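Have a look at the structure below before the remarks.
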Amino acid sequence: MSSPNPVVTLEPFSLYISTTQIFAQPGKFHWSFYLTDAYGIATRYHWSERGGTRGVYAEGVHVQVINPVTTYSASYNVALAYFKVTGFNPATPPNIMQQAAFSAFPESYLTVRENRQNGLSCRTWVLQVLRTLITWRYLVRNDYPESIEAVVKARSMQVENSLMTSFTGSVVVYV
């Protein structure tokens, strides 16, 4: 009998970009990073809403250990794919990802709408973190973050479209 929420096995000492389906917005996805440790246990880093607290920034970086990584989140969103980012140095100190994540967008605007109007989103945050990791030489690639973005967008759309027919679980793709 198959699991109603299949586990996705991620390789140890690896960096992944994950896209999650956003309901009622075909072709748009929530972007996150998953960084795995020596045992393949993942820590999720993502730019998302802070929960509506007034007087503080609308969005920020959230960090959470996810064990196990599964196809569906606790809120039943579908993780369309986990894209293993090639060129990531497995000897990267654990705090480097957190430093890159928090330095990408040091501040947010007071509303999500203002963030979008000023180019701050989960996708642009992922691109900025990639740029930071490349600059700091923890990610070595012969292309630009926008090349990764194009592959992630295209493949996520393919997986999302396949949801219309038959979906068997999240996929792992190398970029």
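Where residues in region 75-95 are among the aliphatic types (A, V, I, L, M) and within 16 Å of the chain's Cα centre (by Cα), which of them is modelled with the lowest pLDDT?
The residue in question is Val78.
All but one of (1) touching a strand residue (DSSP E or B) at 6+ places or on another chain (Cβ under 8 Å); (2) assigned to a helix (DSSP H, G or I) hold for Gln128; which doesn't?
Just one mismatch for Gln128, condition (1).
Tell me whether region 49-60 contains one or more residues that are of a type in the set (S, T, N, Q) and closer than 24 Å to Ala100 by Cβ.
The answer is no, given that none of the residues of region 49-60 is of a type in the set (S, T, N, Q) and closer than 24 Å to Ala100 by Cβ.
Could you list all residues from region 161-170 that are at pLDDT 70 or above and under 16 Å from the mean Cα position of the chain (by Cα)?
none
I'm checking my understanding of the structure. Among residues of region 12-34 that are of a type outside the set (A, V, I, L, M) and open to solvent by 70 Å² or more (accessible area, probe 1.4 Å), which one is nearest to Ala100 (Cα to Cα)?
By that ranking, first place goes to Phe13.
Which of the following residues is more than 17 Å from His30 (Cβ to Cβ) and modelled with pLDDT of 90 or more: Leu133, Leu127, Leu110?
Only one candidate passes the filter, namely Leu133.
Across region 105-133, which residue is surrounded by the fewest Cβ atoms within 10 Å (Cβ to Cβ) among those that are under 14 Å from the mean Cα position of the chain (by Cα) and among the β-branched types (Val, Ile, Thr)?
Ranking the candidates gives Thr124 first.
Please go through (1) touching a residue at least 24 places away in the same chain (Cβ under 8 Å); (2) more than 23 Å from Thr70 (Cβ to Cβ); (3) touching a Pro at 6+ places or on another chain (Cβ under 8 Å) for Thr132 and return the number of the only condition it doesn't satisfy.
Answer for Thr132: the failing condition is (3).
Considering only region 94-104, I want to know if a residue exists there that is among the polar types (S, T, N, Q) and part of a loop (DSSP other than H, G, I, E, B).
The answer is no; no qualifying residue exists.
What are the residues in region 81-93 that are closer than 30 Å to Ser162 by Cα and either in a helix (DSSP H, G or I) or hydroxyl-bearing (Ser, Thr, Tyr) (or both), if any?
Tyr82, Thr86 - these are the residues of region 81-93 that are closer than 30 Å to Ser162 by Cα and either in a helix (DSSP H, G or I) or hydroxyl-bearing (Ser, Thr, Tyr) (or both).
Are any residues in region 18-51 within 14 Å of the chain's Cα centre (by Cα), touching a residue at least 40 places away in the same chain (Cβ under 8 Å) and under 17 Å from Asn89 (Cα atoms), and if so, which ones?
Phe33, Tyr34, Leu35, Thr43
Of a type in the set (A, V, I, L, M, F, W, C), in contact with a strand residue (DSSP E or B) (Cβ under 8 Å, 6 or more places away or on another chain) and open to solvent by 40 Å² or more (accessible area, probe 1.4 Å): does that describe Phe102?
Yes: the conditions hold for Phe102.
The values are calculated or read from the model by the stated rules, or taken from the named source; none is laboratory data. Keep in mind the model is a prediction, meaning the values are calculated, not measured. Neighbour counts run over all protein chains shown; Cβ positions are idealised from the backbone, glycine included. What goes into the accessible areas is simple: the full protein's heavy atoms, side chains included, and nothing from ligands, DNA or RNA. Shrake-Rupley method; radii C 1.70, N 1.55, O 1.52, S 1.80 Å.
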